[in-house]
Amino acid sequence: MADFQFSLDQLFRQPVIKITNDLLPMGTVLGRNQHCKVIAQVSEILNVMGVLSAHAQDLRSPVTTAGRVREAPNQYVYLLANVRRGRRGQVCGMLKVGLKQLFLFDVNGAMRNVSQAPSILDFYVHESCQRTGQGKRLFEYMLADMGWSAVQCAIDRPSGKMAGFMNKHYQLERSVPQSNHFVIYQGFFEANHILVNSKPAQRQLQLRNVRNGGGDSETDDQQLPYPWGSPRRRKF
């Protein structure tokens with residue numbers, strides 16, 4: 001578990017806490033003179049856990065940092081700790097989620113515009129806490145708090161362990177192929193039917209171009225996501 005040089009008693013009044021972009025545990029009442037101290041402690045936890053998560057996933061840089069959380073008002077981080085009262089505790093898990101607008105293919109190959117799609121952005125459980133039920137505990141807490149189901153979630157760049165986790169605990173195995181780095185499972189669109197635009201994304205993009213005074217120019221075409229616009233060339 002990740003150890004810190006300060007007591008977690010004040011932060012973790014319960015095993016799982018929710019951090020918003022103010023970098024304070026949601027629902028915790030603090031005195032004015034305590035805010036700066038708690039923000040500094042939360043920032044250190046987020047930065048350390050973000051580095052550990054990136055290392056575990058072989059990423060070049062962390063997905064989660066205190067700075068990124070502060071800049072994202074529609075994202076939340078759940079932290080799970082082993083708190084021993086009167087002693088320094090240990091943080092064993094982190095889960096970052098958010099709401100994103102995504103263009104996703106359905107099972108028939110039609111692209112759909114999903115507004116505020118429930119998204120899993122970073123999920124890490126310390127190696128010493130894996131296979132002990134702590135990851136499931138953290139994930140279930142998040143689902144209950146956000147009012148989501150597992151099949152509703154789009155997962156950003158899931159690792160092999162994450163895919164196994166979703167299969168083992170939620171029987172989610174059959175994914176819907178996408179052209180981006182998000183993974184969704186069959187049943188996603190049915191679970192998110194209120195969030196899915198009823199018209200295909202291609203038609204919506206065409207209407208957007210008309211409203212913006214667009215025509216058939218190459219510039220307009222480049223603004224359309226593949227496969228309707230010209231594919232963008234990667235810069236190496």
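Laboratory data are not the source of any read-out in this text; all were calculated from the coordinates shown. Please read all numbers here as calculations on a predicted model, not as lab measurements. With ideal geometry, Cβ positions are generated from the backbone for all residues, glycine too; neighbour counts draw on all protein chains shown.
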* Coil-residue trypsin sites (Lys or Arg not before Pro) of the stretch 24-78, DSSP, other Cβ within 10 Å capped at 10 -> ARG60
* To do: State the three equivalent ellipsoid semi-axes of the stretch 2-198, derived from the C-alpha gyration tensor as the square roots of 5 times its eigenvalues, in descending order and whole Å.
  => 31, 18, 15
* Asked: Going 7 Å from the Cα of GLN14 in the Cα-to-Cβ direction, what parts of the stretch 133-156 have a backbone nitrogen less than 14 Å from that spot?
  -> 138-147
* Asked: What length, rounded to one decimal in nm, is gained on full extension from SER115 through to TYR170, with 0.36 nm per residue of separation minus their alpha-carbon distance?
  -> 17.4 nm
* Asked: Once amide H atoms are built 1.01 Å from N in the peptide plane, which residues 5 or more positions from PHE105, or in another chain, come under 5 Å H to H?
  -> ARG112, SER179
* Within-11-Å neighbourhood charge of ALA72 [Cβ basis; K, R +1; D, E -1] -> +3
